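What follows is one structure encoded as structure tokens, with my remarks underneath.
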Amino acid sequence: MDWIIGLLLLIAGGVIGFFVAKFVFNDSREEQSGKSNEQTVKQIMAQQANTHINETRQVLDSLEAQCDNLREQLNAYEGLLEVNTQSEDGNKLNYFGEHATVYIRNTQNASKTKREPSEFQPRDFSSGSSGLFDGSKNQQVVDGKQ
């Protein structure tokens, strides 16, 4: 009988040892998995931060290029205005080119009409009644009604 009690104690000790070992190893695994999860999250966040920084730099470079382009266009426009104000035409901008401008100026001067007095003036309808509004009945309308 002593050997049965020893065997039962051995089995009970093995079961208790199994559960104690499982509990101890689970705690260490959770700590390791928690640390590995934390490391993974930190790596992902670092990658996202680098991607964000690169995209922001690209947008900044694009904005700077657009600002430089706009500055050049503004300076060119300012130069055009200065040249045109110093020219003989004053504030007129040269839209057509030299040859077209000369042609347009010559045709505009030639197309002006001369005013000539006419022999008779048109009838002034504002002073007296005339036509349909003279106040008398039209004979044709009256004859047609009878």
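Per residue, how much accessible area does the range 1-54 show when a 1.4 Å probe rolls over the protein heavy atoms, in square angstrom?
93 Å²
LYS42: accessible area at probe 1.4 Å, nearest 10 Å²?
My reading of the accessible area for LYS42 is about 120 Å².
What nm distance separates the two modelled labels at HIS99 and GLU55, each placed 7 Å from Cα along Cα→Cβ?
Taking the two extended label points, one gets 5.5 nm.
The values are calculated or read from the model by the stated rules, or taken from the named source; none is laboratory data. No experiment lies behind these values; they were computed from the predicted model shown. A quick note on method: Cβ atoms are made from the backbone with ideal geometry, for glycine too, and the neighbour counts reach across all protein chains shown. Heavy atoms of the whole protein, side chains included, go into the accessibility calculation; ligands, DNA and RNA do not. Shrake-Rupley method; radii C 1.70, N 1.55, O 1.52, S 1.80 Å.
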